[in-house]
Amino acid sequence: MLVELGHFALMLALLVALLQGVLPLLATLGEGRLTWIPLDLRSGWLHLARSCTFVQWALVGFAFLVLEWAFLHNDFSVAYVVEHSNSLLPAPYQFAALWGGHEGSLLLWVFLLGFWSSAVAFFSRSLPLTMVARVLAVMGLISFGFLCFILTTSDPFVRVFPPAMEGHDLNPLLQDPGLVIHPPMLYMGYVGMSVAFAFAIAALLAGRLDAAWARWSRPWTVIAWTFLSLGIGLGSWWAYYELGWGGWWFWDPVENASLMPWLVGTALIHSLMVTEKRGTFKAWTVLLAIAAFSLSLLGTFLVRSGVLTSVHAFASDPARGIFILVFLALVVGSSLTLFAWRAPQVAEGGWVNLVSRETFLLVNSILMCVATLAVLLGTLYPLVIDALGAGKLSVGPPYFNLVFGPIMVPLVFIMVPGSLLRWREAKIKDILPSLVFPGLGACVVSGGLCWAMGHASFGVLAGFWLGAWVALAGVQQMVLRLKRPGRIGGSFWGMQLAHLGLAILVMGVTGVRSFEVERDVRMGVGDEVQIADYTFRLLGLQDVKGPNYEAVRARVQVLKNGQQIKLMLPEKRHYYSSAMPMTEAAIDSGFLQDLYVSLGDALPGNTPQWSLRVYYKPFVPWMWAGVLVMVLGGFLAALDRRYRVKPSAASAEDDVSPHVAHA
Amino acid sequence: MTKRQKKFMLIAVGLALLACVTALVLNAFQSNLVFFFTPTQVFAGEAPKARAFRIGGMVKTGTLVQVGMTHAFVVTDNEREVSVSFTGLLPDLFKEGRGVVAQGELDASGHFVASQVLAKHDENYMPPEAQHAMDAAALRRASQTLKP
């Protein structure tokens, strides 16, 4: 019964979303139109936007809770629960199993969209009502599209009769704390981009692209970007420790699908800053907002439609793929049409000087778009060729590495002068003194790191140098700023931390790529293998039992200079519900490096032997740390006080020296 | 410089940069396309020599031999076969009688030396390339038996 109520709530939510999407837009159509509708009725429609948003979120939230209830109570009369859960599954995974499949993850998508819309409705008291109404209406229309999708092709509330005795269980790969948090975080980012999109469309509809619009969009976009960063980082971390072979980024289409909105989103938050501060780049900013959300949708399409087969693709129902494709075409087509129609009238911007912060930011946002296009080409080309029946091919990781690296080099390099230069008009020679410390310091740091690792090449030195260059420049700016009096806004710290995080990430990636040692070995009990300064000795194997699996666990002793420093316990698991074995790697994380051991198969032969992967992975913890620092920076920037005070008051306290950047 | 000259210079620099990047991207793209061939196509000599490509099909039952860390097995589309060797740890999902996709190069004797055996995430999952190879071969057989 409850399940039917949940289903019914979704249908009601569809109606409410339609009201939310249509009526407020009609009411804002402007003077002289729809005069046959009484004025007070139309102004009522404006107010309807907020209440519809809350009601819709409540309805979707109710459906969401009902489905969770079905999971936690092992209601195997619901087909979706049968397919993705099992009574032996530990409760946190039963909870997370809701987004372990296609239907549930779409429900999560809409639920989060409701959350973002409600947050906009709640925190927008200081915005003009027509603006709020337009923004919420656009989000209502998006929600309407997705609810249609769920109800017509991907209903999670379908019953089976007779009820199943037991569920099929969640894919063992997904039974992991990573799964509990990775999809919600990533979706928060994807869906959050809809806010920036809705603001951009609303501004186009209003025919006014001004500083106020950019100011309103900025905190929302930064928060969405932050969640997206966190989601991508968590996904990478999950792949690293769960897939059992130590890779953390494969240039898999699924990963690319999340990287593209991130790149464009990064360009967007910087471009929004220019639009707010200087009133230029308006059209470019709007285009980026449209692109970021469209790429989020494309990501959803690629990952969920079954076009790509991976742990993320759940079903290949052509109806679903076509629906999302049509939806994507509608969103992109209509927003670009609106853009083409309105942008020339509303986006007159001033000319900017060649040497100014604006120009550097523009160059970087173009570089990020170029990188996005390169990734898009490599991701979509095989799909297009396949769809045309012209053969099967794939684009290898070397392509992405070859292209992405060289684009990132100038981008990271000009982050430093870009954040030092003045707005409007600047002189390179003014900032030269500030470049001495990071430039020379980076030489010392990169040389030192290479010396410590005992190996150097041009690529490694360049990677470390760039990371240190950005990091040291950031430290220098922070120290200088602290010495000066005055309140320092969250956006200053946010920008510095985000840049610092990127610097640490760049150094981490450089380090892993250059110094990692991977050895696949066969070992009997008592055998040793030497990697870098470490000796790995296989002490023995034992059988262990988990709640819903059995495993073989190896005990591997790690020695350095003859001393045991660690006992590592990699496992090979056999889940009862699944025929495939699962590799659980053992990872020992230090400040500088990870040691990584995963257990392969028993090898045939007279004496029992096992195959093992034994990896030495320096700088891996730096990558995770870099992402975390970046995320922290994002939150700090979004929470800056000036976004929460009235625009007039805020511009008065807008500070100070042009040398202090607003992230 | 006048404003106009500046503008012109900026556009020129921008275009030059864009051209460089495009060249870089397309060049890398060209040389990193990995094409897919079925065992039948490999037998017919359609696959490139001295360039990496992918093959897919079924791991023929009873052909997996392991010496040290090197695995040798036969990939078939039920029509033609290719012998494959791979050094390293096979993914969890690798099994005789299951679909497989491997990336590598042909050596002089027509033996496929795999650098990578692709791991996928689901036991019921058939790599689309492998499925394609099986389907193509089945289709050819069907059309041959239909011929008068």
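Numerical summary
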quantity	calculated
Any hit, the range A:58-74, residues being on the phi > 0 side of the Ramachandran plot and in the same structural domain as A:S117 (by TED's automatic domain parsing)	yes
Of all residues making up the range B:75-90, the number that are modelled with pLDDT of 90 or more and acidic (D, E)	1
Restricting the range A:378-398 to residues that are in contact with a helix residue (DSSP H, G or I) (Cβ under 8 Å, 6 or more places away or on another chain) and not in a helix (DSSP H, G or I), the residue that is modelled with the highest pLDDT	A:V395
Single residue of the range A:571-620 satisfying the filter (free of Cβ contacts under 8 Å to residues at least 24 places away in the same chain and farther than 16 Å from A:V521 by Cα) that is surrounded by the fewest Cβ atoms within 10 Å (Cβ to Cβ)	A:N606
Any hit, the range A:164-185, residues being buried (at least 22 other Cβ atoms within 10 Å of the Cβ), on the phi > 0 side of the Ramachandran plot and within 14 Å of another protein chain (Cβ to nearest Cβ)	yes
A:T53 being buried (at least 18 other Cβ atoms within 10 Å of the Cβ) and modelled with pLDDT under 95	no
Qualifying residues in the range A:81-106 (those that are among the hydrophobic types (A, V, I, L, M, F, W, C), touching a residue at least 60 places away in the same chain (Cβ under 8 Å) and assigned to a helix (DSSP H, G or I)) - the one surrounded by the fewest Cβ atoms within 10 Å (Cβ to Cβ)	A:F95
Which numbered condition A:C148 fails, given (1) assigned by TED's automatic domain parsing to the domain that holds A:V16; (2) modelled with pLDDT of 90 or more; (3) in contact with a Phe, Trp or Tyr (Cβ under 7 Å, 6 or more places away or on another chain)	(3)
Any strands (runs of 3 or more DSSP E) falling wholly within the range B:1-99 and containing at least 2 residues that are under 19 Å from A:P604 (Cβ atoms)	B:65-67, B:70-76, B:81-87
Residue check for B:G110: at pLDDT below 90, part of a strand (DSSP E or B) and either surrounded by fewer than 19 Cβ atoms within 10 Å (Cβ to Cβ) or in contact with a helix residue (DSSP H, G or I) (Cβ under 9 Å, 6 or more places away or on another chain) (or both)	no
Cβ-Cβ under 8 Å pairs, at least 6 apart or on other chains, the range B:57-71 side away from every other protein chain (no Cβ under 14 Å), far side surrounded by 15 or more Cβ atoms within 10 Å (Cβ to Cβ) and basic (K, R)	B:M58/B:R98; B:V59/B:K95; B:V59/B:R98
One residue from B:E81, B:E46, B:E96 being surrounded by 12 or more Cβ atoms within 10 Å (Cβ to Cβ), within 22 Å of B:A138 (Cα to Cα) and over 19 Å from the mean Cα position of the chain (by Cα)	B:E96
Subset tally (residues that are touching a Phe, Trp or Tyr at 6+ places or on another chain (Cβ under 8 Å), within 14 Å of chain B (Cβ to nearest Cβ), part of a strand (DSSP E or B) and not polar (S, T, N, Q)) for the range A:567-611	11
Scope the range A:42-76; condition acidic (D, E) and within 21 Å of A:W109 (Cβ to Cβ); matching residues	A:E68
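Listed here are the residues, each with its yes/no results for (1) farther than 17 Å from A:G265 by Cα; (2) within 14 Å of another protein chain (Cβ to nearest Cβ); (3) in contact with a Gly (Cβ under 6 Å, 6 or more places away or on another chain).
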site: A:F323; (1), (2), (3): yes, no, no
site: A:L330; (1), (2), (3): yes, no, no
site: A:V346; (1), (2), (3): yes, no, yes
site: A:V352; (1), (2), (3): yes, yes, no
site: A:E358; (1), (2), (3): yes, yes, no
site: A:N364; (1), (2), (3): no, yes, no
site: A:L373; (1), (2), (3): no, yes, no
site: A:T379; (1), (2), (3): yes, yes, no
site: A:P382; (1), (2), (3): yes, yes, no
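The values are calculated or read from the model by the stated rules, or taken from the named source; none is laboratory data. Worth saying up front: this structure is predicted, and the values here are computed from it rather than measured. Quick reminder, even Gly has a Cβ in these numbers, built from the backbone with ideal geometry, and neighbours come from all protein chains shown.
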